[in-house]
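Here the structure is laid out as structure tokens; the discussion comes afterwards.
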Amino acid sequence: MPQIVEPAMTVRDVAAFLNVDEKTIYRLAQKGGLPGFKVLGSWRFQRQDIEAWITDRKVQAAVVKQAKPQELSQRKNYAKNI
């Protein structure tokens, strides 16, 4: 049986889905922070990729929240030196 593929989402669709400004979506996509691809110069996104990205962000936030204070200060110092 053929797999049904959902139509790709536009920048406007993703911005509405995440409740952020369209400029934020452009910025994240250009930096590689949001999974997407270009079609004839226009960004497109797959809903399942965005949902997976959200899940990953939640997991990362939970890990940081559970980290010991000493670990957090080491991460902050490491981030400053990058």
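Points worth noting:
- Scanning region 35-53 finds no residues that are more than 18 Å from Ala8 (Cβ to Cβ) and within 11 Å of the chain's Cα centre (by Cα).
- Given (1) modelled with pLDDT of 95 or more; (2) over 24 Å from Ala16 (Cβ atoms), number of the condition Lys65 does not satisfy: (1)
- In region 1-28, the residues that are in contact (Cβ under 8 Å) with a residue 40 or more places away in the chain reach residues that are among the aliphatic types (A, V, I, L, M) and assigned to a helix (DSSP H, G or I) with C-beta atoms within less than 8 angstrom, at least six apart or across chains, in these pairs: Met9/Ile50.
- When region 29-43 is filtered for residues that are without any contact (Cβ under 8 Å) to a residue 24 or more places away in the chain and surrounded by 14 or more Cβ atoms within 10 Å (Cβ to Cβ), the ones remaining, listed by number, are Ala29, Leu34, Pro35, Gly36.
- Output for region 37-55, where each listed residue is within 16 Å of Phe17 (Cβ to Cβ), outside any strand (DSSP E or B) and of a type outside the set (Ser, Thr, Tyr): Gln46, Arg47, Gln48, Asp49, Ile50, Glu51, Ala52, Trp53, Ile54
- Among the residues of this structure, Leu34 counts as one that is on the phi < 0 side of the Ramachandran plot and either assigned to a loop (DSSP other than H, G, I, E, B) or among the hydroxyl-bearing types (Ser, Thr, Tyr) (or both).
The values are calculated or read from the model by the stated rules, or taken from the named source; none is laboratory data. Predicted, not measured: the structure shown is a model, and the values here were computed from it. Virtual Cβ from ideal backbone geometry, glycine too; neighbours counted across all protein chains shown.
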